[in-house]
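The values are calculated or read from the model by the stated rules, or taken from the named source; none is laboratory data. Not measured: the values here are computed from a predicted model. Note: ideal-geometry Cβ built from the backbone for every residue, glycine included; neighbour counts use all protein chains shown. The area values use the complete protein model at the heavy-atom level, side chains included, leaving out ligands, DNA and RNA. Shrake-Rupley method; radii C 1.70, N 1.55, O 1.52, S 1.80 Å.
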Amino acid sequence: MSYLVFALTKGRLAGAAIKMLADIGVACAEMSERSRKLIFVNEEQQLKIFLAKADDVPTYVEYGAADIGVSGADSLLEEGRNLYEALDLGFGECRMVVAGPPETAEKMRRVNNIRVSTKYPNIAARHFYEKRRQTAEIVKLNGSVELGPIVGLSDVIVDIVESGSTLKENGLVVLEDVCVISARLVVNRVSMKTEYGRITDIIRRLKERRGF
Ligand code: PRP
């Protein structure tokens, strides 16, 4: 039997993902979201679990370095990888929105060439070009995106909102919804065939845990 490898997302999804897997008996000793160790092994069950940056999880799964991934829908939409999306896990729920200073609501309606800063350039481009049919200049940032409109880099942002406190504390408001986000279980397309039994058993146990 070969190792079944899981890629989990570091950061806000990590705790819930580790707990979810532990609840169905998928766990490795010494595993914790706070550890600096990158990969954990359970020899008895032939499992490996590692934690990776959010947008890298779909990459590890597509290339088969991990058989199964727990990834936010934001990373999946942004990366557009060729994966089997097996399950909406029902945690990590938040919204992808267009946000900005309240006065940009009018600008969004009237001005065609709006500048958007975001960690999600593909999602932002699809929203502005295909849904709004509006010309927009998309500027990629790697974090603290809310700074964009505050320091005059952009008119608006496309970003995730969970509690809403980052927007509020920075004087920004939601101008438009883009989509709803949650954590998803994704599977490598080849692994889905070669490890069919083990993977479908995991999906079944996760569904039972959620009461599907
Ligand atoms: C995310 C997101 C927002 C914030 C939203 O950033 O990009 O900035 O969280 O959460 P809230 O609505 O609960 O305030 P994250 O904390 O992941 O850090 P980053 O800005 O460095 O990407």
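Using a Gaussian network model on the chain with a 10 Å cutoff between Cα atoms, which of Tyr129, Tyr120, Tyr60 fluctuates the most?
Tyr129
Would you compute, from DSSP H runs of 4+ residues alone, the mean residue ellipticity of the chain at 222 nm, taking -39500 (n - 2.57) per run and dividing by the full residue count, rounded to the nearest 500?
-8000 deg cm²/dmol
State the percentage of accessible surface on the range 94-180 attributable to carbon and sulfur atoms; use a 1.4 Å probe and exclude ligands, DNA and RNA.
For the range 94-180, the apolar C and S fraction of the accessible surface comes to 48 percent.
Along the charge dipole of the range 112-163, which of Val156, Val145, Asn113 sits closest to the positive end, that is, farthest toward it, with unit charges on the beta carbon of Lys, Arg, Asp and Glu (+1, +1, -1, -1)?
Asn113
Assigning unit charges at the beta carbon (Lys, Arg +1; Asp, Glu -1) and nothing else, what dipole magnitude in debye, to the nearest 20, does the range 1-105 show about its Cα centre?
Once rounded to the nearest 20, the dipole reads 380 debye.
Tell me, what % of the accessible area of the range 1-83 is carbon and sulfur with a 1.4 angstrom probe?
Summing carbon and sulfur atoms, their accessible area is 49 percent of the total for the range 1-83.
Report for the chain the percent antiparallel among DSSP-assigned beta bridges with both residues inside it, nearest 5.
60 percent
If you place +1 on the Cβ of every Lys and Arg and -1 on the Cβ of every Asp and Glu, how big does the dipole about the Cα centre of the chain come out, in debye to the nearest 20?
For this selection, approximately 180 debye.
Would you please put 138-145, 12-19 in order of how densely packed they are, using the mean number of other Cβ atoms within 10 angstrom per residue and starting with the highest?
Averaged packing, sorted descending, gives the order 12-19, 138-145.
Run the 1.4 Å probe and let me know the accessible area of Leu83, rounded to the nearest 10 Å².
Its heavy atoms expose roughly 20 Å² to the probe.
Give the cross-link partners of Lys53 among the lysines, using a straight C-alpha distance below 26 Å as the criterion and excluding same-chain residues fewer than 8 apart.
Counting by Cα, and skipping residues close in sequence, Lys53 has these lysines nearby: Lys10, Lys19, Lys37, Lys119, Lys140, Lys207.
In percent, what relative contact order does the range 94-180 have, based on Cα pairs under 8 Å that are 6 or more apart in sequence?
Taking the mean separation of contacting Cα pairs over the length of the range 94-180, I get 49 percent.
Counting C-alpha atoms alone, how compact is the chain: give Rg to one decimal and Dmax as a whole number, in angstrom.
19.1, 62
Treating the angle as unsigned and between 0 and 90°, give the value, to the nearest 10°, between the Cα long axis of helix 14-23 and the longest Cα principal axis of the chain.
The two axes meet at around 30 degrees.
For the range 94-180, report the accessible area per residue in Å² (1.4 Å probe, heavy atoms, rounded to an integer).
Per residue, the range 94-180 has an accessible area of 54 Å².
How high is the relative contact order of the chain? Use alpha-carbon pairs under 8 Å, at least six apart in sequence, and give a whole percent.
Dividing the mean separation by the residue count of the chain yields 26 percent.
Which shape class applies to the range 94-180: rounded if a/c is under 1.5, otherwise prolate when a/b exceeds b/c and oblate if not, where a ≥ b ≥ c are the square roots of the Cα gyration tensor eigenvalues?
rounded
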